[in-house]
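Readers should treat all values here as calculations from the given coordinates under stated rules, not as data from a laboratory. The structure presented is a predicted model; accordingly, all values stated were derived computationally and were not measured. When we count neighbours, we look across all protein chains shown, and the Cβ atoms used for this are built from the backbone with ideal geometry, even at glycine.
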Amino acid sequence: MQDLSPKDTDETPNEVGAVVNLLPAGELDQLAQDTETDKSSKRHDYMRFYEHLLAPYRNQEFSFLELGVGLPSRRAPSLRTWKAYFPKARIIGVDIRPGARDFEEDRIHIEIGNAARPRFLKRVFRSYQPSIILDDASHFWSHQIIGFQTLFPMLPPGGVYIVEDVHTSFLAQTEGSQYADYSESFWSYFNRLQSAVVCAQRHGPTLSIEENRIASWIDAIFVTRKSVAVVKRQSPRRREWMSAPEA
Ligand SMILES: C[S@@+](CC[C@H](N)C(=O)[O-])C[C@H]1O[C@@H](n2cnc3c(N)ncnc32)[C@H](O)[C@@H]1O
């Protein structure tokens, strides 16, 4: 078999071509640094990617829902960041701790409840009709799957669903990880959907009817360190969904 492994090379990249920073840290990252949320480039470094993806929403009137408000001592830094970046948006934070209500203010709404409960999530969705949803709550495998399965189908076309701290999928049950509370990790579940999208739902893994339907609504997936973002299509790829093999 041909050896395709990369060879050591002394070549310096970009000696000839233009050097372009496609994903620079911008205003959203600076706002995140100001509020000291760990989403900034000082820690997880998510905001460069999110700004690239979410900038078209910047001056829109819409609702942004984040699951997980954070410790009281931190004063809801991510919710305040979204409020500053999206001047016309309504920001909704969900948390299981009643104390999170303290961070309600103009354009920031707090809902108290368990983000692992589909009925609660659906009620919150119906109240605010968010276009962007970000899951930064418990990071438990089952909760991340339940959140995505419940809320992604409810998003409008052009909506975005983000799941953070996906690296918890790689912390094993066998090592006693608190996140490993289900038979399948979020990444394993998500990767099956991703495979179905990449192969246009023809030769990929066998999915349930519901999973095939979800895959047919996925327009694009952005994956970076510890975070995935999913953009919803304007309409489903009905032919793919109808002809996909089912579990
Ligand atoms: C990582 S912190 C959120 C940080 C915040 N998004 C930020 O970036 O500043 C996670 C939050 O999720 C909340 N949480 C944990 N399990 C939850 C659940 N089952 N439902 C709702 N909130 C939960 C915790 O109380 C905590 O405040």
Residues satisfying the stated conditions in the stretch 89-98, i.e. over 21 Å from S40 (Cβ atoms) and either among the acidic types (D, E) or more than 9 Å from the ligand (Cβ to nearest atom) (or both): R90, I92, P98
Odd one out for E27, checked against (1) within 16 Å of the ligand (Cβ to nearest atom); (2) over 16 Å from the mean Cα position of the chain (by Cα); (3) surrounded by fewer than 20 Cβ atoms within 10 Å (Cβ to Cβ); (4) acidic (D, E): (1)
Tally of residues being in a strand (DSSP E or B) and farther than 13 Å from L71 by Cα across the stretch 90-106: 4
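Which is of a type outside the set (S, T, Y) and in contact with a Ser or Thr (Cβ under 7 Å, 6 or more places away or on another chain), of G99, G159, G93, G147?
On the way: G99 fails: in contact with a Ser or Thr (Cβ under 7 Å, 6 or more places away or on another chain); G93 fails: in contact with a Ser or Thr (Cβ under 7 Å, 6 or more places away or on another chain); G147 fails: in contact with a Ser or Thr (Cβ under 7 Å, 6 or more places away or on another chain).
Answer to the check: G159.
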Some residue of the stretch 158-179 being touching an Asp or Glu at 6+ places or on another chain (Cβ under 9 Å), part of a loop (DSSP other than H, G, I, E, B) and more than 26 Å from R48 (Cβ to Cβ): no
Tabulated pairs, the stretch 187-213, first hydroxyl-bearing (S, T, Y), second in a helix (DSSP H, G or I), C-beta under 6 angstrom, 6+ apart or interchain: Y189/I145
Search result, residues across the stretch 38-72 that are under 27 Å from R123 (Cβ atoms), within 11 Å of the ligand (Cβ to nearest atom) and assigned to a helix (DSSP H, G or I): P72
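Going by what's in this entry, would L151 be described as crowded, with 20+ Cβ neighbours inside 10 Å and away from the ligand (no atom under 15 Å from the Cβ)?
Considered against the rule, which asks whether it is crowded, with 20+ Cβ neighbours inside 10 Å and away from the ligand (no atom under 15 Å from the Cβ), L151 comes out as no.
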S127 of a type in the set (S, T, N, Q) and assigned to a loop (DSSP other than H, G, I, E, B): no
Top-ranked residue of the stretch 73-88 - restricted to ones that are crowded, with 22+ Cβ neighbours inside 10 Å and of a type in the set (G, A, S), ranked as nearest to the ligand (Cβ to nearest atom): S78
